[in-house]
Structure formats: C-alpha cells, structure tokens
Amino acid sequence: MLIPFSYAFASGFRLLLVQVVIAFCVLLVSAVKIGSVRVSLTDICTFLLVLVLGGQAVVSGYFNEFFALTVFILLLYSSSAIFRVTPSGSFDFFVGIYAFSALLSALGVIFQWGVHRFLNIEIFNYQLFGGGRNAYGFVWSDYSFLSLYLASAIPLLFGRLPNLLFLAFSFLLTFASIVTSARTGVAALVIFLVLFVGLEFLRALLVRRVKKYLVFIGVIFLIMPFFMLYGLENLTGRALTASSSGRFDGFVKGWDYFSDNAIFGALMDKDFFSEQISTIPHNIFLYMLFMGGVSVFMVFVFWFASVIREIRCADGRVLSSLLICFIGFQFIPSFFSAYFVAVLLGMGLSSSHEKRISAVSNKVHYQLQPRSNYQSQP
C-alpha cells in the first residue's frame with residue numbers, strides 16, 4: 001500500500017523510511033519463523049552487487065546509487081518473506097493490494113489533471129516543460145516511473161475481474177499513464193501486447209483454435225496506438241514522436257567515455273556523469289556499463305540472469321507485469337530506484353519458490369503411491 005508514497009515527502013520526511021522500517025521488521029520476524037534458508041545463486045550475486053557498488057561509492061564519495069540498491073534489495077527480500085510467513089492462499093490478496101494501490105494512484109493522477117485542466121489549479125507534483133508539455137506526477141517525483149508503475153498493474157487484474165470490469169480498470173490505468181506525459185509506461189505496454197498477441201496467435205495456429213480473450217486483446221492492441229496519438233498531445237500537450245530527446249547523442253558520448261574508463265566507468269556517480277560527460281544513459285544495461293564500467297556491468301548481468309532463472313515458474317500475472325517493467329527500462333535509467341519493481345520481484349521469487357516446492361511434493365507423492373492403486377494401460 002505504501003508503494004505510491006515511496007517518492008513522497010511529508011514535512012521534509014521521506015515516507016520511504018516507513019517502508020524501510022517495516023521491511024526490517026518483516027525480515028526479523030521471518031528469520032525467527034523460518035529459521036534457516038538455503039543460500040541461492042541469486043543471494044550470492046546480490047552480495048557481490050552490494051560489494052562492488054559499495055566499493056565504488058566509497059571511492060567516489062557518491063552514495064545515492066548504493067543507498068538505492070540497499071533499499072531495493074531490502075524491499076525485494078522483505079516482500080518475498082511476507083508471502084512465505086503468511087497463510088497459504090494469501091498471494092492473491094497481496095497481488096490485489098498492488099493493483100489496488102496502482103488504481104488509487106491512477107485516480108490521483110486523473111484528479112490532478114482534471115483540476116488543472118478545467119479549474120486551472122495546480123496541485124501535487126506538476127511541471128510545465130518546453131513545448132507546452134504538462135507533466136502530472138501526483139505524489140511521484142519521476143513521471144516515467146509513475147507511468148511504468150501504472151502500466152505494470154494491468155496484467156495483475158487479468159483473470160480476477162469480469163471482462164468489462166477488467167477493461168474499465170485497464171482503460172483507467174492506461175489513461176492515467178498517458179496523463180503523466182511520460183511515454184515509458186504506454187510504450188512498454190504496447191510492446192508487451194505485440195509480443196503477447198504474436199506468441200498467442202502462433203500458438204493458436206498450431207492448435208487451430210483462437211481463444212476469445214485473444215481476439216479481445218488484439219482489438220485493444222489495434223486501438224491503443226491511435227489512443228496514444230490522440231491522448232498524449234491532447235491531454236498533456238506533448239506531441240508523440242520517435243525523437244530520442246538527445247539520448248542517442250548521449251549514448252555516443254557515454255561510449256567514448258566508457259572506452260577510456262572501461263573497468264570502473266563513472267563510479268556510479270550520476271552527478272559527475274551528467275555534468276561532465278552527457279545525459280544519464282536511458283537504458284538499463286548501458287546505464288550499468290557506462291556508469292559502473294565492466295566491473296558493475298558483469299555482476300549486474302549475472303544478478304539479473306539469476307533472478308530471471310529464479311522467477312521462471314512464478315505466477316503468470318506477475319511475470320507479465322515484470323516483463324512490462326523490463327521493457328520499460330530499456331528507455332529509462334536508475335533501475336534500483338524503481339522500488340515497485342523490487343516488490344514485484346519479491347512476489348515473483350515467492351510465487352516461483354512455492355510452485356517449485358508444490359511440483360516436487362506432487363512428484364514425490366505420485367512416486368510413493370502403491371502400484372496396486374494404478375490400473376494397467378493397454
């Protein structure tokens with residue numbers, strides 16, 4: 001429930017600290033309740049990531065990225081622990097909380113936009129950028145993160161709601177994502193729909209049967225680009241273009257700097273990189289490569305691959321949400337500052353863990369059944 005307030009301040013106090021305290025408490029309770037856990041490859045890679053980023057922070061004196069990583073990992077493991085210490089069947093409840101929080105954020109964004117659009121009153125986090133772009137962030141400080149967060153909640157509603165209600169809530173989340181004026185969330189959602197519909201149609205061709213929901217989603221996919229073209233400019237004043245906003249030139253300058261500082265990059269110092277070199281790389285992998293050099297990039301890739309391996313059996317809704325997030329981070333930086341992704345990964349790790357245990361348990365139970373219980377097959 002506190003995810004929407006991760007970036008909010010109240011009287012100079014950042015509400016993220018409340019999440020950190022709760023996360024510590026959750027980990028302490030789970031440590032007592034669970035007792036001991038098996039150290040996985042992901043845990044080892046996480047430790048190495050903390051070690052490398054911590055070392056670079058000490059050398060550069062810039063600790064923001066290290067602190068973001070620390071909070072990210074804390075939220076990831078505490079989120080995963082919550083599902084392991086709560087009663088069986090509570091997973092859907094927590095997935096519902098994530099989706100409900102996103103819907104509340106969407107309503108907040110739409111309310112903010114409506115008050116400004118029709119009453120000309122500025123409330124919450126609002127900025128007017130060049131070219132007449134109106135950006136609405138509600139209580140979020142980063143518009144791209146907010147747009148991606150709203151889009152990531154849509155798959156979590158699938159299968160839990162009747163078709164019309166799912167369509168209504170999906171429209172609400174998409175509308176709010178567009179109203180933020182950031183392209184990241186809706187662009188990631190469209191790419192996800194392209195991949196999803198394409199794979200499902202290939203599967204349908206093999207079995208020669210098309211499911212009704214696939215046609216439904218295909219129609220939405222056809223409408224979505226037109227909705228984006230009309231909505232982004234008319235609702236926020238920002239024209240939808242393929243312009244990189246100077247980011248491609250930033251990639252070139254960043255590569256030139258990396259060529260001379262391949263091992264440690266800019267020591268994860270965003271202030272130094274943006275002031276002395278170029279725009280912060282808006283891509284999850286180039287960001288790690290240019291900012292931290294090969295030392296951070298290799299550890300991050302191993303960590304990322306180990307996480308993907310760990311969540312491969314997770315709930316399909318959560319995997320879809322994470323895929324939208326990973327697509328979105330091909331266009332924005334600062335992965336470890338996206339604390340909502342940490343919570344989703346925690347859900348994914350827990351869900352995958354439970355499914356693997358259930359699969360092993362069922363297999364053992366099947367193998368232990370007396371042969372007399374089985375009927376021979378011709």
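Cross-link reach is defined here as a Cα-Cα straight distance under 19 Å, omitting same-chain residues fewer than 8 places apart; for Lys253 the aspartates and glutamates meeting it are Asp269, Asp271, Glu275. If you run the Gaussian network model on the chain, springs between alpha carbon atoms under 10 Å, then out of Thr174, Thr86, Thr46 the most flexible one is Thr86. Label-to-label distance for Arg160 and Leu107 is 1.5 nm, based on points extended 7 Å past Cα in the beta-carbon direction. Distance between the pseudo-spin-label points of Cys25 and Asn64 (7 Å out from Cα toward the beta carbon): 3.1 nm.
First measure r as the distance between the Cβ atoms of Asn120 and Gln330, then evaluate 1/(1 + (r/R0)^6) with R0 = 45 Å and state the FRET efficiency to the nearest 0.05.
Details: r = 37 Å, r/R0 = 0.81.
Using R0 = 45 Å, I get an efficiency of 0.80.
Label sites at Ala10 and Ala239, each approximated as a point 7 angstrom past Cα along Cα to Cβ, lie 4.3 nm apart. Gain on full extension, evaluated as 0.36 nm per residue between Leu167 and Asp92 minus their Cα-Cα distance, stands at 25.0 nm.
What FRET efficiency comes out for Ser40 versus Val252 if R0 is 41 angstrom and r is the Cβ-Cβ distance? Round to the nearest 0.05. In this case the efficiency is close to 0.60. A dipole drawn for the chain from +1 and -1 charges on Cβ atoms has a positive end, and of Val29, Ser144, Ser351 the residue lying farthest that way is Ser351.
When the Gaussian network model of the chain links Cα atoms closer than 10 Å, the mean-square fluctuations of Ser40, Ser30, Ser295 top out at Ser40.
Where a number appears in this text, it was derived from the coordinates with a stated rule and is not lab data. Not measured: the values here are computed from a predicted model. FYI the Cβ positions are ideal-geometry reconstructions off the backbone, even for glycines, and counts take in every protein chain you see.
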